[in-house]
């Protein structure tokens, strides 16, 4: 029977004026649309050129999970003519469908039904197997949106498909350079985990034409191999009998590879492997895998985009955080640690430099907001503050007042906390090791002073408004004396509010940690505080400046 004749066999006779004109489509054995008319394309909400020659699961990802999807799979499995009438949610209408298999091709006709739209969103009832599948897909959607960490997203996807869809799975997400950036795998049998690790970590990666992972990545379409040709795997062993033995113990019999694709980009693959004791994936399982990959791809791509945003913000921020000076008789250490979540990166900064008269100026601050915008605003505020502070030998309160005026006059539109401290040594204190600390705080946390005898003092001062708040209230300085061997610590709220701890409780925790660590070198002090309180995954940005005043042998310095 010719293709035209087969299509005619499933299309009803010439319709009456009251019956919508049906459309016809033909699928080959791999679910590629060999032909489709405009009526069918209209019913499916696509242009003909978007459908013809494309795999149906790629061209119409919204089809997966619908009852019409199940009807197509059922029609492929039987030999006779089958019909279906039901609600198709993507089109928002009822459809009448007729299908018949001819060889390896499936001929389908569609017509918009005159039936009523169902009251509820669920449409017609499904059978128990379909209900279970839909619950699984819902679990995939819910689980994959729970993190913005690409590595966690990959691990979550692997955990969802093993053993539900396969005996073992591999997920590989490509980086911007085209090399694997995040990978994860798992085996349903714990006894085979070591073999899987050995094979996947030590295999020779190849890009041969028959590599299903590479093919799926390049074409953006699923690949199914009901049997795995040993010759295809041979190059991966690289002549290693140990790797070959591990592969043989895995007893891999069949594989389905589904591309991870979102926003018109294929950026990874999901490989599903069954052992020889488990049948190759059925068409329904392949269709389910395609839908799983579609849902997971959106979540993983969101995590990738957030990761890029984090990298941009962190690169911008670090480029602005210059190394501190090391004046005579002072030891200065600085640290910056970005938040583990991209939602809290971008606003913290530190600075340390000498004014023209030789006094050392120390700055710590935090721009309100997060991400790249906050990092850019931080760069503006830091540059304005640095320029104004170096221009004249002024006290911190006066510097903050002029920064306020600049932010208002230039319409920067940014709010920030900031603390400026000027460490100076009047002529009468030269050689004594004692110095005068003057500071002014624009809504920032107070510095800590670790005395040489182990006492820790919180240098509280009068609360004052944030930078950029356009307040007319005058700013004031606070003054304290710092002795030889004393250590000053400036920090942002990421260090005290870690773990959703309140400011008072977090400050007490910080004071206790500083007291316990004592007079260790300031580099070690910064690292130890960060390690104890926030680890390597802070909830928010953390910036720290520590200054140790050393003993002096004498000398001279201009008045501050």
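The values are calculated or read from the model by the stated rules, or taken from the named source; none is laboratory data. What you see is a predicted model; the values in this text were computed from it and never measured. When we count neighbours, we look across all protein chains shown, and the Cβ atoms used for this are built from the backbone with ideal geometry, even at glycine.
The table below lists the values:
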read-out	value
Given (1) part of a helix (DSSP H, G or I); (2) closer than 24 Å to residue 301 by Cβ, number of the condition residue 191 does not satisfy	(2)
Qualifying residue in the range 247-268 (condition: in contact with a helix residue (DSSP H, G or I) (Cβ under 7 Å, 6 or more places away or on another chain), farther than 29 Å from residue 59 by Cα and without any contact (Cβ under 8 Å) to a residue 40 or more places away in the chain)	no
Output for the range 164-188, where each listed residue is exposed (fewer than 15 other Cβ atoms within 10 Å of the Cβ) and outside any loop (DSSP other than H, G, I, E, B)	180
Condition check for residue 469: surrounded by fewer than 19 Cβ atoms within 10 Å (Cβ to Cβ), closer than 15 Å to residue 417 by Cβ, assigned by TED's automatic domain parsing to the domain that holds residue 347 and modelled with pLDDT under 90	yes
Residue satisfying condition, being surrounded by 15 or more Cβ atoms within 10 Å (Cβ to Cβ), in contact (Cβ under 8 Å) with a residue 60 or more places away in the chain and within 17 Å of residue 24 (Cβ to Cβ), within set 51, 43, 72	43
Some residue of the range 484-494 being closer than 17 Å to residue 422 by Cβ and touching a helix residue (DSSP H, G or I) at 6+ places or on another chain (Cβ under 6 Å)	no
Any hit, the range 466-482, residues being more than 16 Å from residue 404 (Cα to Cα), in contact (Cβ under 8 Å) with a residue 24 or more places away in the chain and in contact with a helix residue (DSSP H, G or I) (Cβ under 6 Å, 6 or more places away or on another chain)	no
Top-ranked residue in the range 131-163 [being more than 25 Å from residue 339 (Cα to Cα) and touching a strand residue (DSSP E or B) at 6+ places or on another chain (Cβ under 8 Å); ranked as surrounded by the most Cβ atoms within 10 Å (Cβ to Cβ)]	161
Hey, residue 452 farther than 18 Å from residue 383 by Cα, assigned by TED's automatic domain parsing to the domain that holds residue 327, surrounded by fewer than 21 Cβ atoms within 10 Å (Cβ to Cβ) and in contact (Cβ under 8 Å) with a residue 12 or more places away in the chain or not	yes
Some residue of the range 483-502 being farther than 22 Å from residue 368 by Cα, in contact (Cβ under 8 Å) with a residue 60 or more places away in the chain, in contact with a strand residue (DSSP E or B) (Cβ under 7 Å, 6 or more places away or on another chain) and in a strand (DSSP E or B)	yes
Residue that is touching a strand residue (DSSP E or B) at 6+ places or on another chain (Cβ under 7 Å) and either under 17 Å from residue 272 (Cα atoms) or modelled with pLDDT under 90 (or both), where the choices are 220, 178	220
Subset of the range 502-520 [farther than 21 Å from residue 481 by Cα and either buried (at least 17 other Cβ atoms within 10 Å of the Cβ) or under 36 Å from the mean Cα position of the chain (by Cα) (or both)]	502, 503, 504, 505, 506, 507, 508, 509, 510, 512, 513, 517
Filter pass, residue 540 being at negative phi, buried (at least 21 other Cβ atoms within 10 Å of the Cβ) and in a loop (DSSP other than H, G, I, E, B)	yes
Unique residue being over 21 Å from residue 30 (Cα atoms) and either surrounded by 18 or more Cβ atoms within 10 Å (Cβ to Cβ) or modelled with pLDDT of 90 or more (or both) when the list is 274, 302	302
Exclusive hit being modelled with pLDDT under 85, touching a helix residue (DSSP H, G or I) at 6+ places or on another chain (Cβ under 9 Å) and in the same structural domain as residue 462 (by TED's automatic domain parsing), set 367, 334, 372, 363	372
